[in-house]
Amino acid sequence: MHALSPDRIAELTSLRHDLHRHPEISGEERATAERIARHLTALGADRLWRDLGGHGVAAEFTGAGDGPTVLLRCELDGLPIREISDLPYKSEVAGKGHLCGHDGHMVSLLGVAQALKAQRPPRGRVILLFQPAEETGAGAKAVIDDPRWPEIRPDYAFAYHNVPGRPLGEVGLRSGPGNCASRGMQILLEGKSSHAAAPEDGLSPANAMAELMRALPDLAHGRIGEPDFALSTLTHAKLGAPTFGISPADGELRVTLRTMTNMRMDALMEEALALVRSHAGALRVDIHWHDVFRAVINDPDATAIARQVAENLRQHSRDMPLPMRWSEDFGRFGDDGAKATLLYIGSGEDHPQLHNPDYDFPDALLPGVIDLLIGIVQEIVGPTPA
Ligand SMILES: [Zn+2]
Ligand SMILES: [Zn+2]
């Protein structure tokens, strides 16, 4: 398999811009998935799965002989954030934008598909997975829970995320904990409403909320990189209705919990629950969990393969000293048994951060990233060394 020509890169870039114009958010990626499936069919995929765990699409490119299965994964979803930019290909969908670069990740995998169209691997299988609902943490789990997943289940899994703040094109690698576990805790408190003239006849959650708003962030502990690192961030608070006549009955708090390991997350959840109960008194407490991300623990062998390929291609690589605070649902593929690693590719030191309203995927990454992914595939299902 060879590197793509400048013409092919230009085609992929303009496809990226078109995907950028039409973002779809988590769980609603119908049109994007349809488009991707059409491209994969045109590129001669040997097998195609649709509607995987929602709107997921996967394509298989089958090698001539027996060998391992290597999966490359990208994400289909945009974000419910209004894009602020002067780009000619700015989002045409109000309040939604491709502000995490998943449009760039998608065309990178289509670039690999072009190389596979030109030349099948000599052995094994290559699966290109276009995963839905990454931003909510639901998609990878849903894909793995799909009854057809056993037909796909890979031996190796790779994905990359572009990382603003790092030098453009730098290949960041990290063996072991790579991204934090995180989950949203929705705390519903219910008491009894009363006339504002007689609050003592009701049961307002106001005091409990005020105490919890101070106490929950105090669950934070240690620093990123330390195994007992924990972060608890208050993201939302709501008390009663906007009136002057009612002492409220209900309140809601939302907190995001974050840890470096899954085990520490279990402990942090217990601490948060105990704290809520200790402040709730006679209030009724209802807890719901959302956006559950498992920690990404990168496999050392898969990471070593990526490092070797970057070296062969003379791409600058670097061992990341610390795990990322942000979460990624890619960790599920490692939990499922694949040797999996997430690559952190620099988007430029001064690039706007992920999820910023003025963020855009840097197209300059495409040629290098596609070469790197093709190289990884070749390393695993390429010719057996003599
Ligand atoms: Zn994102
Ligand atoms: Zn992302």
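The values are calculated or read from the model by the stated rules, or taken from the named source; none is laboratory data. The structure presented is a predicted model; accordingly, all values stated were derived computationally and were not measured. Here Cβ is always computed from backbone atoms with ideal geometry, including for glycine, and neighbour counts include all displayed protein chains. Note: accessible area is taken over every heavy atom of the protein model, side chains too, but ligands, DNA and RNA are not part of it. Shrake-Rupley method; radii C 1.70, N 1.55, O 1.52, S 1.80 Å.
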Helix 6-21 vs. the chain, principal-axis angle (Cα, 0 to 90°, nearest 10)
20
Sequence order, segment 226-238: Karplus ³J(HN,Hα) from phi using 6.51 cos²θ - 1.76 cosθ + 1.60, θ = phi - 60°, Hz rounded, Gly and Pro as x, gives 8, x, 9, 3, 8, 9, 9, 10, 6, 10, 6, 8, 8
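Is segment 323-372 rounded, prolate or oblate when judged by the Cα gyration tensor, a ≥ b ≥ c being the square roots of its eigenvalues, rounded requiring a/c under 1.5 and prolate requiring a/b larger than b/c?
On the way: a/c = 2.79, a/b = 1.50, b/c = 1.86.
Cα axes put segment 323-372 in the oblate bin.
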Starting from the amide H of Glu75, placed 1.01 Å from N in the peptide plane, find each other amide H under 5 Å away whose residue is 5 or more places distant or on another chain.
Met106, Gln131
With x for Gly and Pro, the residue-by-residue ³J(HN,Hα) of segment 326-331, computed from phi through the Karplus equation 6.51 cos²θ - 1.76 cosθ + 1.60 at θ = phi - 60° and given in whole Hz, is 6, 9, 8, 7, 4, x
Starting from 0 in steps of 10 Å, tell me what percent of the Cα-Cα pairs of segment 3-151 lands in each bin.
12, 41, 34, 12, 2
Residues whose modelled amide H sits under 5 Å from the amide H of Asp51, counting only those 5 or more places away in sequence or on another chain, are Gly56
Links that overshoot a 27 Å alpha carbon limit, given the list Lys192/Lys238; Lys96/Lys238; Lys90/Lys339
Lys90/Lys339
With a 1.4 angstrom probe the carbon and sulfur portion of accessible area for the chain, in percent, totals 52
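Out of all DSSP beta bridges in the chain, what portion is antiparallel? Express it as a percent rounded to 5. Display every interim value, and only then the final one.
Numbers: 47 of 72 bridges.
Looking only at bridges with both residues in the chain, the antiparallel portion is about 65 percent.
By how many nm would the segment from Ala267 to Glu311 lengthen if fully extended, with 0.36 nm per residue of separation less the alpha-carbon distance? Can you show the working numbers first?
Details: separation 44, 0.36 × 44 = 15.84 nm, distance 3.99 nm.
Working it through step by step, the gained length comes to 11.8 nm.
With Rg and the Kirkwood Rh both taken from Cα atoms, where does Rg over Rh land for segment 240-279?
Numbers: Rg = 15.3 Å, Rh = 12.6 Å.
Dividing the radius of gyration by the Kirkwood radius yields 1.21.
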How large is ³J(HN,Hα) for each residue in segment 78-87, as worked out from phi by the Karplus curve 6.51 cos²θ - 1.76 cosθ + 1.60 (θ = phi - 60°), to whole Hz, x for Gly and Pro?
x, 10, x, 10, 6, 6, 10, 6, 9, 4
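What does the extension gain come out to for Asp291 and Ala304, with contour length at 0.36 nm per residue minus their alpha carbon separation? It would help to have the intermediate numbers written out before the result.
On the way: separation 13, 0.36 × 13 = 4.68 nm, distance 3.05 nm.
Taking Asp291 through Ala304 to full extension adds about 1.6 nm, to one decimal.
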Can you give the extra length, in nm with one decimal, that the chain gains between Arg30 and Glu151 once fully stretched, where that is 0.36 nm per residue apart less the Cα-Cα distance?
41.3 nm
Between Asp18 and Lys192, how high is the FRET efficiency from 1/(1 + (r/R0)^6) when r is the Cβ-Cβ distance and R₀ = 56 Å? Nearest 0.05.
0.55
Rounded to 0.05, the calculated FRET efficiency for the beta carbons of Glu211 and Gln353 at R₀ = 45 Å is 0.85
Could you pull out the GluC sites (Glu not before Pro) across segment 60-99 that fall in loop regions by DSSP (anything but H, G, I, E, B) with no more than 12 other Cβ atoms inside 10 Å?
Glu92
log10 I(q)/I(0), Debye, Cα-only the chain, no solvent, q = 0.06, 0.10, 0.15 Å⁻¹?
-0.27, -0.68, -1.30
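Which of the three applies to segment 4-51, rounded, prolate or oblate, going by the alpha-carbon gyration tensor with a ≥ b ≥ c and a/c under 1.5 meaning rounded?
Values: a/c = 3.44, a/b = 1.17, b/c = 2.94.
It comes out oblate by the Cα gyration axes.
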For the chain, what does -39500 (n - 2.57) per DSSP helix run (n ≥ 4), summed and divided by total residues, give at 222 nm, in deg cm²/dmol to the nearest 500?
-9500 deg cm²/dmol
In a GNM of the chain with a 10 Å cut-off on Cα contacts, which of Arg314, Arg82, Arg254 has the highest mean-square fluctuation?
Arg314
Simple spin-label estimate for Ser278 and Arg325 in nanometres, 7 Å along Cα-Cβ
2.5
Check cross-link reach from Lys141 to the aspartates and glutamates: straight Cα distance under 12 Å, and skip same-chain residues fewer than eight apart.
Asp291, Glu328, Asp329, Asp335, Asp336
Which residue fluctuates most in the GNM of the chain (Cα springs below 10 Å): Asp77, Asp299, Asp250?
Asp250
GNM, the chain, Cα, under 10 Å: largest mean-square fluctuation among Met260, Met106, Met320?
Met320
If I model a spin label as a point 7 Å beyond the Cα along the Cα-Cβ vector, how far apart are those points for Ile224 and Asp7 in nm?
4.4
How large is log10 of I(q)/I(0) for segment 277-386 at q = 0.16, 0.18 Å⁻¹ when the intensity is taken from the Debye formula with one equal scatterer per alpha-carbon?
-0.92, -1.10
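How high is the relative contact order of segment 159-263, in percent, with contacts defined as C-alpha pairs under 8 Å that are six or more residues apart?
Numbers: 187 pairs, mean separation 37.1, N = 105.
Answer for segment 159-263 is 35 percent.
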Grab the other residues whose beta carbon is less than 12 angstrom from that of Lys192, score K and R as +1, D and E as -1, and report the net.
-3
5 Å is the cut-off here: which amide hydrogens, built 1.01 Å from N in the peptide plane, fall below it relative to Asn298, excluding neighbours closer than 5 in sequence?
Gly176, Gly178
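With the other protein chains left in place, how much accessible area per residue, in square angstrom, belongs to segment 89-196 at a 1.4 angstrom probe? Kindly include the intermediate steps, with their values, before the conclusion.
Numbers: 3210 Å² over 108 residues.
I get 30 Å² per residue for this part.
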